[in-house]
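Structure first, commentary second.
What follows draws every value from the coordinates through simple rules; no lab data is involved. Everything numeric in this text was worked out from a predicted model, so none of it was measured. Positions of Cβ are backbone-derived with ideal geometry, glycine not excepted, and every protein chain shown enters the neighbour counts.
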Amino acid sequence: MTHTTSIVGNFFQKKVAIVTGGAQGIGFAVADRLCDLGAFVYILDKSIVKTNSERSLSIACDLTSEDSVISAFNAISMKSPKIDIVCANAGIVPEWATTESIDLASWNEAFAINSTGLMLTIKHSVPLFGTGSGAIVVTGSINSWKGDPNIAAYVASKHAALGIIRATAMDLGSKGIRVNGVGPGPIATDALLNRISNRRGITGLSATVTLENLAKATALHRIATVEDVVSTIIFLASDASAGITGQLIPVDCGVF
């Protein structure tokens, strides 16, 4: 945290940020860091959550419903006429499924949140940005450019997220709004540990062995941490990255 703070200085003082999927995991950590750096943060998630700071406010928002997104952003605009940062973090990982056993409802849900929900977040945030400045940071995945078996819906929806990043960066650049993303590799969040546990009947591997194998496959011989991802998001949200847009930066400790 000290290293990141030294890079961005006082940039986040009095800034206004929105974090989707901020109730847990990476989103929760991003919201906390932004508050620590002096920003006021609106946390959007499916239900109201207890926040850790007086500089944050939780708003219920269903990203699969445009009406819900409009309502949430209208509520924000009533309190903060101008925003500076959007961290579009919300996303889901469907259960494993082979190609021939893909469930259409599960497929549609992944796209509704990971792709359409992302598009709606960006669409309705644009009018709230001030003239000539703003940063949108999307939480993508290393699966935004690489494939993996048994999660075609997730891979496809995260490929779509990368397309949204590139297209909106070109469209919004003239407004001074930069759009970038982070591509985390496996992160040992509770969500990942639960998925590993649920897959043990298929893989035959414990969480410990699975994480060790994932670490051995990286250049740094470890998996990335939530802290690694949050620090990259903070960099992309700050003026330290003023010349960067339309990019998705991998945070995977070197997966090639």
Seminar exercise, completed: Selection from region 7-64 of residues surrounded by 19 or more Cβ atoms within 10 Å (Cβ to Cβ) and in contact with a Cys (Cβ under 6 Å, 6 or more places away or on another chain) yields Val19, Val30, Val41, Leu44, Ser56
Exercise. For Arg199, all conditions in the list (1) over 25 Å from Ala242 (Cα atoms); (2) under 20 Å from the mean Cα position of the chain (by Cα) hold save one; what is the number of the exception?
Worked result: (2)
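Filter region 94-153 for residues that are acidic (Asp, Glu) and part of a loop (DSSP other than H, G, I, E, B); which is nearest to Ile18 (Cα to Cα)?
Within region 94-153, the first condition is being acidic (Asp, Glu), and the residues that meet it are 95, 100, 103, 109, 148.
Add one more test, that the residue is part of a loop (DSSP other than H, G, I, E, B), and what stays is 95, 103, 148.
Numbers: Glu95: 28, Asp103: 32, Asp148: 31 Å.
Restricting to residues being acidic (Asp, Glu) and part of a loop (DSSP other than H, G, I, E, B), the top hit is Glu95.
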Exercise. In region 190-238, how many are surrounded by fewer than 13 Cβ atoms within 10 Å (Cβ to Cβ), touching a residue at least 40 places away in the same chain (Cβ under 8 Å) and of a type outside the set (S, T, N, Q)?
Worked result: 2
Exercise. Can you name the condition, by its number, that Leu104 falls short on among (1) surrounded by 16 or more Cβ atoms within 10 Å (Cβ to Cβ); (2) over 18 Å from Ala237 (Cα atoms)?
Worked result: (1)
Problem set entry | Search result, residues across region 47-88 that are in contact with a Ser or Thr (Cβ under 6 Å, 6 or more places away or on another chain), part of a loop (DSSP other than H, G, I, E, B) and without any contact (Cβ under 8 Å) to a residue 40 or more places away in the chain | Ile48, Val49, Thr51, Asp62
For this session: Give the residue, chosen from Ile136, Ile177, Ile187, Ile165, that is farther than 20 Å from Gly27 by Cβ, aliphatic (A, V, I, L, M), crowded, with 16+ Cβ neighbours inside 10 Å and under 19 Å from the mean Cα position of the chain (by Cα).
Result: Ile177
Problem set entry | Every pair of residues 6+ apart whose Cβ atoms lie under 6 Å, when the first sits in region 128-148 and is closer than 12 Å to Lys175 by Cβ while the second is in a loop (DSSP other than H, G, I, E, B) and among the aromatic types (Phe, Trp, Tyr) | none
Exercise. Among the residues of region 162-177, which ones are under 18 Å from Ile83 (Cβ atoms) and either among the aromatic types (Phe, Trp, Tyr) or touching a Leu at 6+ places or on another chain (Cβ under 8 Å) (or both)?
Worked result: none
Seminar exercise, completed: Checking Ser157, Ser174 in turn, the sole residue that is out of contact with any Phe, Trp or Tyr (no Cβ under 9 Å at 6 or more places or on another chain), part of a helix (DSSP H, G or I) and of a type outside the set (Phe, Trp, Tyr) turns out to be Ser174
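Filtering region 215-256 down to residues that are in a strand (DSSP E or B) and β-branched (Val, Ile, Thr), which residue is nearest to Gly25 (Cα to Cα)?
So the first thing to find is which residues in region 215-256 are in a strand (DSSP E or B), and the list is 248-251.
Next cut, β-branched (Val, Ile, Thr) only: 249, 251.
Numbers: Ile249: 19, Val251: 16 Å.
Looking at residues that are in a strand (DSSP E or B) and β-branched (Val, Ile, Thr), I get Val251.
Take Ile177 and tell me if it is closer than 26 Å to Leu118 by Cα and free of Cβ contacts under 8 Å to residues at least 60 places away in the same chain.
Numbers: closer than 26 Å to Leu118 by Cα: yes; free of Cβ contacts under 8 Å to residues at least 60 places away in the same chain: yes.
Answer is yes for this residue.
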Exercise. When the residues of region 178-197 are filtered to those that are of a type in the set (A, V, I, L, M, F, W, C) and out of contact with any Leu (no Cβ under 8 Å at 6 or more places or on another chain), which remaining residue is farthest from Thr210 (Cα to Cα)?
Worked result: Ala191
